[in-house]
Amino acid sequence: MTGPRKSCASSIRGYPDSVRVVGTLVLVGTCLLSAACGNSVQPEARATQVSGCPASWQAGWQKLARQVGAPVYCPGWMPNPLDGRIGSEWNGLKLVDKHGGYLVSFIYQETGSGEVHVNFHRWPSTRMPLCRAETSERMIPCYSEPGGRTRANGIAATLYTVSRDADQWHLSYLWRHGGATYVVSEHVAPPYSFEQVKRNVTRILRSLVLVRPAA
C-alpha cells in the first residue's frame, strides 16, 4: 500500500531572487501517470530515452526559447519515471523572467517511493548565480565544491556537488553559452543513490540538444 501523494510543486524550494517571474507558472496537481499508480520507481528502469529532442518535447522547448528570446537545451534522456515534455504530468514548474532567465522543473514524489527531481535553468549572465544564505541575508554562490568537468555536444560543464535554493541537495552541471549561464541538476534522494544521480545528470547533459528561437 502506498502513502499519500503530494503535488509536484509542493516540494520544490524557492529559486534565486534574481529571477523575477513574469511568465508562466505551471502547477501540477499530481505527480503520477495513471499507469504508474501504486507502483514504486525502480532505479534505471523504464527511463525515457530518445535520439535527440523528440517532436513531442521540442514544441514546449521551442516555445520557451521564443519566450526568453534565447537558445534553450532540450533533454533527449530523463531518469525514470520522468519525461522532458514541458506541460506533461511530470512538469512541476515553469518560471520565466523578462530578462531571459528560466527555471523548468520535472518532479515525481510519492511517500514510500522517494523523489526524482530534475531542474533546468538559464541566467542571462556569465557570472556565477547568487543565492541567499540559509542563515543570513548574505548572497553567496548558488553552486560550490566542484567535482569534475564533462564535455559533450559542444558543452563544457562543471559538476557542482553543493547547490542551493531551487537546486538544494542536487548535483548540478553548470556551463556558459552565448553570454548566459545554464544549469541542469538532479536531487540526490531515494530511489537513486549519489552515484546513480551522478550518472543520471551526466547522461542528461550528454543528451542535451540546443533549441534556438524560431526565426
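The values are calculated or read from the model by the stated rules, or taken from the named source; none is laboratory data. Small disclaimer: the values here were computed from a predicted structure and weren't measured. Positions of Cβ are backbone-derived with ideal geometry, glycine not excepted, and every protein chain shown enters the neighbour counts.
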Self-check item: For Ser144: the one exception among (1) modelled with pLDDT of 95 or more; (2) in a loop (DSSP other than H, G, I, E, B); (3) farther than 28 Å from Gln67 by Cα
Solution: (2)
Practice problem: Sort out which residues of segment 106-137 are modelled with pLDDT of 90 or more, part of a loop (DSSP other than H, G, I, E, B) and either among the aliphatic types (A, V, I, L, M) or in contact with a Pro (Cβ under 9 Å, 6 or more places away or on another chain) (or both), and write them in order of number. | Solution: Met128, Pro129, Ala133
Self-check item: Number of positions in segment 104-162 that are under 29 Å from Gly52 (Cα atoms) and among the polar types (S, T, N, Q)
Solution: 9
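Return yes when Asn200 is outside any loop (DSSP other than H, G, I, E, B), out of contact with any Phe, Trp or Tyr (no Cβ under 7 Å at 6 or more places or on another chain), surrounded by 17 or more Cβ atoms within 10 Å (Cβ to Cβ) and in contact (Cβ under 8 Å) with a residue 24 or more places away in the chain and no when it is not. Break it down into steps so the answer makes sense when it comes.
Values: outside any loop (DSSP other than H, G, I, E, B): yes; out of contact with any Phe, Trp or Tyr (no Cβ under 7 Å at 6 or more places or on another chain): no; surrounded by 17 or more Cβ atoms within 10 Å (Cβ to Cβ): yes; in contact (Cβ under 8 Å) with a residue 24 or more places away in the chain: yes.
No, not satisfied.
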Quiz prompt | Scan of segment 203-215 for residues that are touching a residue at least 12 places away in the same chain (Cβ under 8 Å) and outside any helix (DSSP H, G or I), ordered by number | solution = Leu208, Val209, Leu210, Val211, Arg212, Pro213, Ala214
Practice problem: Taking the options Ala166, Ala189, Ala180, name whichever one is more than 14 Å from the chain's Cα centre (by Cα), modelled with pLDDT of 95 or more and under 21 Å from Lys98 (Cβ atoms). | Solution: Ala180
Quiz prompt | Given (1) over 18 Å from Ser185 (Cα atoms); (2) modelled with pLDDT of 95 or more; (3) part of a loop (DSSP other than H, G, I, E, B); (4) in contact with a Pro (Cβ under 8 Å, 6 or more places away or on another chain), index of the condition Gly84 fails | solution = (1)
Quiz prompt | Search result, residues across segment 149-197 that are among the β-branched types (Val, Ile, Thr) and part of a strand (DSSP E or B) | solution = Thr150, Ile155, Thr158, Thr161, Val162, Thr181, Val183, Val184
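Could you identify the single residue in Ala189, Ala180, Ala157 that is farther than 18 Å from Met78 by Cβ, touching a strand residue (DSSP E or B) at 6+ places or on another chain (Cβ under 7 Å) and aliphatic (A, V, I, L, M)? Walk me through it before giving the result.
Details: Ala189 fails: farther than 18 Å from Met78 by Cβ; Ala157 fails: farther than 18 Å from Met78 by Cβ.
Residue meeting the stated conditions: Ala180.
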Quiz item: Is there a residue in segment 159-182 that is under 19 Å from Ile107 (Cβ atoms), touching a residue at least 40 places away in the same chain (Cβ under 8 Å) and of a type in the set (Val, Ile, Thr)?
Solution: no
